[in-house]
Amino acid sequence: MTNLSFAPMPDEQGYFGAYGGQYVPTELQKVMNDINAAYEEIRQCTEFQQELASLFADYVGRPSPIFHAKRLSDQLGGAQILLKREDLNHTGAHKINHCLGEALLAKFMGKKKVIAETGAGQHGVALATACALVGIPCEIHMGQADIEKEHPNVVKMKILGCNLISVTRGTATLKDAVDSAFEEYLKDPESFIYAIGSVVGPHPFPKMVRDFQSIIGTEAREQCLTRYKRLPDVVTACVGGGSNAIGIFTAFLDDTQVKLVGVEPAGEGLDTQRHAATLTKGKPGHLHGMACYVLEDEDGNPAPVHSIASGLDYPGIGPQHSYLNDLGRVDYDSVTDQETLDAFMRLSRVEGIIPALESAHAVAWAIRTAPTMQPNQQILVNLSGRGDKDADFVANLLNL
Ligand SMILES: *Cc1c(COP(=O)(O)O)cnc(C)c1O
């Protein structure tokens, strides 16, 4: 049985260096502290650990395999590319790992309803799945404009039995869905729980979501040692809020010979306004209840950001990434929409694996970097999700 790994960060107040914390009204700080206390209690409880471990095994299908992308590596003529196959998880991505943890915690705390927002619907589907399994009511707020765009995820959420709230205010997209979901949560934060979809938001969410996702790196490190008798030279992952990246990085943080690289979306170019490369181009600030790097417009508001991958389209980034960036333990680089599309098609045609557009960012970085390395070296890529959800979009874009 695989256990969760728990890194020592953050401190008691939820700080990773100068980042993190709880930038929320005092009433909510109390509620967040209750969530933290409940989490600290269950994470030390063997029964909870066993329940989560058996769900990971029998429900999610863990451990996810590591696949050596040999044809792709041979074509590139440099380092060997290894893929950690989170795309093979039930529901098709890494998000189910923390959604199960959050749903179990909600049940343990006797919460009456789990609330969340969703943009493209990926977090919504993973959460609705976990709530159906655990048997707890789930309410997902989604912008009407997104509902019209994301039909397959919308019907899945309905089939899974969640209460899908269509948000029509403002531009009827993600930001309005966040506002709407948060208003509902504030009606009764003692009875409800807001399930955050990445390593962002007020303490304890960046810590909790990190812990639930750290199974990815714990498995991958063991798998590499067993099969190759060595650690990879580089571990890379795409970064939106940062949950799949911190999930694979955590187990390798103390292995300082292993280079860790987070890949941000450079969109249509870092010199345009159409990107979401928060650590590359942003600066320290506050967003959604935490201190972190933020991309801001001239008025100091969160900038309207862009990525071809809707899951990376976020003007902030988790506090632990902000700190690891300043410490220099993780390098943050970026790839454009075009490099991402090329990588999406190339992995599909050379290895028969259609990646999520989010994950294709990390693949694109590996494709760019492998030729600069030696054939006896290895790049481990976290393939965070599968591309079924993106297939129609890409086919239209490329006139396939
Ligand atoms: C949501 C999502 C992401 C981005 O979220 P992180 O918290 O940065 O991991 C990446 N990949 C896939 C497949 C996603 O669904």
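The values are calculated or read from the model by the stated rules, or taken from the named source; none is laboratory data. Note that this is a predicted model, so its numbers are computed, not measured. Positions of Cβ are backbone-derived with ideal geometry, glycine not excepted, and every protein chain shown enters the neighbour counts. The protein model used for the area step is the full one, side chains on, heavy atoms only, and it has no ligands, DNA or RNA in it. Shrake-Rupley method; radii C 1.70, N 1.55, O 1.52, S 1.80 Å.
See the values below:
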{"read-out": "log₁₀ of I(q)/I(0) at q = 0.09 Å⁻¹ - the chain, Debye sum with one point per alpha carbon", "value": "-0.48"}
{"read-out": "Near-label residues of region 83-111 by backbone N, under 16 Å of a point 7 Å along Cα→Cβ of N163", "value": "111"}
{"read-out": "Extension gain, R329 back to N399 (0.36 nm per residue minus Cα-Cα distance, nm)", "value": "21.0 nm"}
{"read-out": "R0 of 51 Å, Cβ-Cβ distance E183-Y228: FRET efficiency to nearest 0.05", "value": "0.50"}
{"read-out": "Estimated vicinal HN-Hα couplings, Hz - region 88-105 in sequence order (Karplus 6.51, -1.76, 1.60; Gly, Pro = x)", "value": "8, 4, 3, 6, x, 6, 6, 4, 4, 4, 7, 5, 4, x, 5, 5, 5, 5"}
{"read-out": "Amide N of region 347-391 lying under 16 Å from the label point, which is placed 7 angstrom from the Cα of R71 along Cα→Cβ", "value": "347-355"}
{"read-out": "Contact order relative to length of the chain, as percent, for alpha carbon pairs under 8 angstrom and 6 or more apart", "value": "21"}
{"read-out": "Hull volume in cubic angstrom per residue (convex hull over the Cα atoms of region 171-254)", "value": "108"}
{"read-out": "Extended-chain gain in nm, criterion 0.36 nm per residue less alpha-carbon gap, Q13 and T26", "value": "3.3 nm"}
{"read-out": "Semi-axes of the equivalent ellipsoid for region 15-91, Cα gyration tensor, largest first, Å", "value": "38, 22, 10"}
{"read-out": "Beta bridges by DSSP in the chain, antiparallel share as percent, to the nearest 5", "value": "30"}
{"read-out": "Rg followed by Dmax, in Å, when region 289-400 is reduced to its Cα trace", "value": "16.0, 50"}
{"read-out": "Shape metrics for region 269-314, restricted to C-alpha atoms - Rg then Dmax, Å", "value": "10.2, 29"}
{"read-out": "20 Å reach of a label modelled at C45, 7 Å along Cα-to-Cβ, counting backbone N of region 123-162", "value": "130-137"}
{"read-out": "Over 19 Å [Cα-Cα, region 226-364], rounded percent", "value": "51"}
{"read-out": "Amide proton proximity set for Q80, modelled H, under 5 Å, gap of 5+", "value": "Q377, Q378, I379"}
{"read-out": "Region 280-372, accessible surface, carbon-and-sulfur percent (1.4 angstrom probe)", "value": "49"}
{"read-out": "FRET E, pair K281, V350, Förster distance 30 Å, beta-carbon r, rounded to 0.05", "value": "0.40"}
{"read-out": "Cα gyration tensor of region 355-400 - equivalent ellipsoid semi-axes, whole Å, descending", "value": "26, 12, 6"}
{"read-out": "Rg in Å to one decimal, and Dmax rounded to a whole Å, for region 84-234 via C-alpha atoms", "value": "16.6, 55"}
{"read-out": "Residues whose placed amide H lies under 5 Å from that of G385, excluding near-sequence neighbours", "value": "D87, A356, S359"}
{"read-out": "Å² of accessible area per residue within region 9-165, as computed with a 1.4 Å probe and no ligands counted", "value": "41"}
{"read-out": "Reach of K70 by Cα under 16 Å, taken over aspartates and glutamates that are not fewer than 8 positions away in the same chain", "value": "E351"}
{"read-out": "GluC sites (Glu not before Pro), loop per DSSP, at most 16 other Cβ atoms within 10 Å - longest free stretch of the chain", "value": "13-189"}
{"read-out": "Semi-axes of the equivalent ellipsoid for region 127-190, Cα gyration tensor, largest first, Å", "value": "19, 17, 6"}
{"read-out": "Any cysteine of the chain lacking a neighbouring Cys Cβ under 4.7 Å - listed by number", "value": "C45, C99, C224, C238, C292"}
{"read-out": "Computed P(r) (all Cα pairs; region 38-135; 10 Å bins; percent)", "value": "14, 37, 27, 14, 7, 1"}
